[in-house]
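The values are calculated or read from the model by the stated rules, or taken from the named source; none is laboratory data. These numbers come from a predicted model, not from an experiment. Please note: Cβ atoms are built from the backbone with ideal geometry, for glycine as well, and neighbour counts cover all protein chains shown. Heavy atoms of the whole protein, side chains included, go into the accessibility calculation; ligands, DNA and RNA do not. Shrake-Rupley method; radii C 1.70, N 1.55, O 1.52, S 1.80 Å.
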Amino acid sequence: MLLAAVQFTTVLDFLIVLPLGPKYMEVMHIGPSEFGLIVSSYAISAGIAGIGAGFFLDLFDRKRAMLILFSGFMLGTLFCALAPGYHSLVLARAVAGAFGGVTGALILAIVGDVVPEHRRGAAMGLVMSAFSLASIVGVPCGLWMAAAFSWHMPFFALAGLSAVILAAAAWLLPPMSEHLAHAREEHPAARVWAVLNERDHQMALIFMAVLTCAGALLFPFIATYMVANTGMTQKQLPYIYIAGGIFSLAGMNLIGRWSDRVGKPRAFWIMSCCAMVPILVFTNLHHVPFLIGMTVTTVFMVCMSGRSVPAMAMITASVKARYRGGFMSANSSVQQFSMGLATYVSGQIMGQTAEGELTHFPIIGVLSVFCAFVGIYLSRFLKVAVETQPVPAASEVAFVEHG
């Protein structure tokens, strides 16, 4: 639960920027490409920091590493609150991303260390529920603060909340140093090379890149598209995040338990196929009633977040415990780089009409579906690391035997 709380703040720090897109574009007089840079600066910075963290993350107690990284994230969020304008906000987002992205990777490494593989799907579902909770609680509160005060206020509130969670983590988290038994047997550079040179690790990283691109092509522009193209008002925006968050929260935990029963690969394939329909419907919406728009975005969020639960469980299980911190850092870098690249590409593809509507969004939807197909294909090559492989459940045996 504490890890989920940390994850909540890091997710919300990224997520709160997305529905504020229309406000940023209005107040700062920027277009889709400039707004895309606000989003991608966080992701690209997190990717660069993740590469550096891969050299030393497995050399420290997990608790100590998380407290240091989360402190840096809290300060980065405070810098976002103090930013006076566009360029300073982009720089502050880069600082927050440098610490927030690696913190998220460390949380997943901790889950991989302490939770057995046969229950890891449910654990991932709990931790990743932070995305849904951020949508249900954080985004509406952030939008209200931005409307009542200014766009600075959500970051002030998030920095304060992070300080409270940081104090709780320092008090409640136990030391986690079991992985250090093998940590100093190799030079850090050799450990990074060992992580990147492993074919199973390479496939997992490529899989993560494709998985991230499928969602990052669309998520940053949901609010902007719904306001500009479907007729939704900025006051109605919180409701699409509340609805999407509530149903995603229930769905992710159910999907996590379901994936433990039927097998993570099968659950991922099914959820990926289910996601393709709302992707295509969402990217072709034009001036629809509010309830229809909210229904489409809710189904879209449930399917996209639901496929991530078995996917992350598969990725975590493909790495041996001694390399898990370094791998998850590299994995975070790949994820963040992919997110930044996909967001930048979307911003470049999109245009605006004289009335302010976004153009070429259906093309982005097709690219997202293509990435989903590629992800299904790549998931076939992910394997459970030998040292963490449990005795398979009967359902998983039957699935393997029958292909």
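Assorted remarks:
- Calculated FRET efficiency for the pair Arg261/Phe381, C-beta based, R₀ 22 Å, to 0.05: 0.45
- His87-Gln348 pseudo-label distance in nm [points 7 Å out on the Cα-to-Cβ vector]: 2.3 nm
- Straight-distance candidates among the lysines for linking to Lys23, with alpha-carbon spacing under 24 Å and chain neighbours fewer than 8 residues away dropped: Lys235.
- Selection among Phe60, Leu205, Leu218 by position relative to the dipole of the chain gives Phe60 as farthest towards the positive end (Cβ unit charges, Cα centre).
- Centroid-to-centroid separation of the range 3-67 and the range 265-296 [C-alpha atoms, Å]: 25 Å
- Put a plus charge on the Cβ of each Lys and Arg, a minus charge on the Cβ of each Asp and Glu, and nothing anywhere else: the dipole of the chain about its Cα centre is then about 420 debye.
- Local electrostatic count, Met74, Cβ distance below 15 Å [Lys/Arg +1, Asp/Glu -1]: 0
- Net dipole in debye of the range 229-344 [+1 Lys, Arg Cβ; -1 Asp, Glu Cβ; about Cα centre; nearest 20]: 440 debye
- Full extension of the chain between Phe373 and Ala163 gives 71.5 nm of extra length, using 0.36 nm per residue less the Cα-Cα distance.
- If a spin label sat at a point 7 angstrom from the Cα of Ile68 along the line to its beta carbon, the backbone N atoms of the range 83-100 nearer than 20 Å would be those of 95-100.
- Taking label points 7 Å from Cα along the Cα-to-Cβ direction, Val366 and Trp193 give a separation of 4.5 nm.
- Ranked from largest to smallest solvent-accessible area, with a 1.4 Å probe on the protein heavy atoms, Tyr42, Tyr344 come out as Tyr344, Tyr42.
- Structure-derived Kirkwood radius over Cα pairs in Å: which label, when the choices are (i) 23.5; (ii) 21.1; (iii) 22.4: (ii)
- Springs join every pair of Cα atoms under 10 Å in this Gaussian network model of the chain, and among Ile107, Ile68, Ile242 the largest mean-square fluctuation is at Ile68.
- Contour minus Cα-Cα distance for Thr233 and Trp171 (0.36 nm per residue): 18.0 nm
- Which of Tyr86, Tyr239 is most accessible, then next, and so on - probe 1.4 Å: Tyr239, Tyr86
- Of the residues Phe70, Asn253, Pro19, the one whose Cα sits farthest toward the positive end of the charge dipole of the chain, with +1 on the Cβ of Lys and Arg and -1 on the Cβ of Asp and Glu, is Asn253.
- DSSP H segments from the chain that extend 18 Å or more along their own axis, Cα-based, with Kyte-Doolittle mean of 1.0 or above: 2-15, 32-53, 62-82, 86-114, 120-133, 153-172, 264-282, 290-317, 361-379
- Using a probe of 1.4 Å, the accessible surface attributed to Phe337 totals some 80 Å² when neighbouring protein chains are kept in position.
- Electrostatic dipole magnitude of the range 1-86 [Cβ: Lys, Arg +1; Asp, Glu -1; Cα centre; debye, to 20]: 220 debye
- Most positive-pole-ward Cα, Trp144, Gly263, Leu382, against dipole of the chain from beta carbon charges: Gly263
- In the complete set of protein chains, residue-level accessible area for Glu26 is approximately 120 Å², probe 1.4 angstrom.
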